[in-house]
Amino acid sequence: MKILLLWCHPDPNSYSAALRQTAADALREAGHELREVDLYALHAQGQFDPVLSPDEKRSYLVDTDRNIAAVQPHVDALRWAEGWVVVYPTWMYGPPALLKGWLDRVFLPGVSFGLGGSRHRPIVGALTNIRWFCGITTSGSPWWWLRWIGDPGRRLFLRGLKPLYARGCRTTWLQLHAMNYASHADRSRFLARVRHTLSRVRA
């Protein structure tokens, strides 16, 4: 498969960076073609602004082509992909602001969805090229606490965005909970789980 791997973490020496590298290695070794995006690096280089500007908001539905052109490399990568993987830390029960901003600015009308024509069918998915999605994240909260509050990060990626993809799109979710108390052995086991799971992904 052609796979877009999106990473969002400010520290290139973090455990999250190790997760990103493990995921990339496993997918390449399984024969998949990857395009990698480091959101923090792009932001630091002035190549990506996560903030949806007032002008972009005004033209959100009436001049979609203009907004798409402003983030064209990201749109092209998303349209190229048959699957995409996001690696990020869970902060305040969701993705970092930079990643949320990427969704705001790239998952645009005409890219990820179109209007459905009625209040009972508000949108129609447009990313029918996406046949597999994988989320890889860590969280300070234990699993039972996230379950109790509704697990908003997981719901965003696995429920909220899934209708935008191809019918029958497969999903994979890998999460290391209670990261603040994870031992070296815990972190090593999770890396091994990521490698094993992604090495088995097939087209």
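The values are calculated or read from the model by the stated rules, or taken from the named source; none is laboratory data. Just so we're clear, the structure is a prediction, and the values are computed from it rather than from any experiment. Note that we place each Cβ from the backbone using ideal geometry, even for glycine, and neighbour counts take in every protein chain shown. SASA here: full protein model, heavy atoms, side chains in, ligands and nucleic acids out. Shrake-Rupley method; radii C 1.70, N 1.55, O 1.52, S 1.80 Å.
The set of residues in the stretch 173-198 being more than 15 Å from W143 (Cβ to Cβ) and small (G, A, S) consists of S183, A185, S188, A192. Selection of helices (runs of 4 or more DSSP H) fully inside the stretch 24-88 by the criterion of at least 1 residues being at pLDDT below 95 returns 54-58, 64-70. Within the stretch 27-62, being farther than 30 Å from T172 by Cβ and open to solvent by less than 60 Å² (accessible area, probe 1.4 Å) holds for S53, E56, S59, Y60. For the stretch 89-112, enumerate the residues that are touching a residue at least 24 places away in the same chain (Cβ under 8 Å) and more than 16 Å from the chain's Cα centre (by Cα). Across the stretch 89-112, the qualifying residues are P109, G110. Within the stretch 81-105, the set of residues being surrounded by fewer than 19 Cβ atoms within 10 Å (Cβ to Cβ) and in contact with a strand residue (DSSP E or B) (Cβ under 6 Å, 6 or more places away or on another chain) comprises E82 only. For I130, the conditions (1) open to solvent by less than 20 Å² (accessible area, probe 1.4 Å); (2) out of contact with any Gly (no Cβ under 8 Å at 6 or more places or on another chain); (3) closer than 23 Å to W173 by Cβ; (4) without any contact (Cβ under 8 Å) to a residue 60 or more places away in the chain are fulfilled apart from (2). Note on the stretch 146-186: residues that are touching a strand residue (DSSP E or B) at 6+ places or on another chain (Cβ under 7 Å), assigned to a helix (DSSP H, G or I) and open to solvent by 70 Å² or more (accessible area, probe 1.4 Å) amount to 3.
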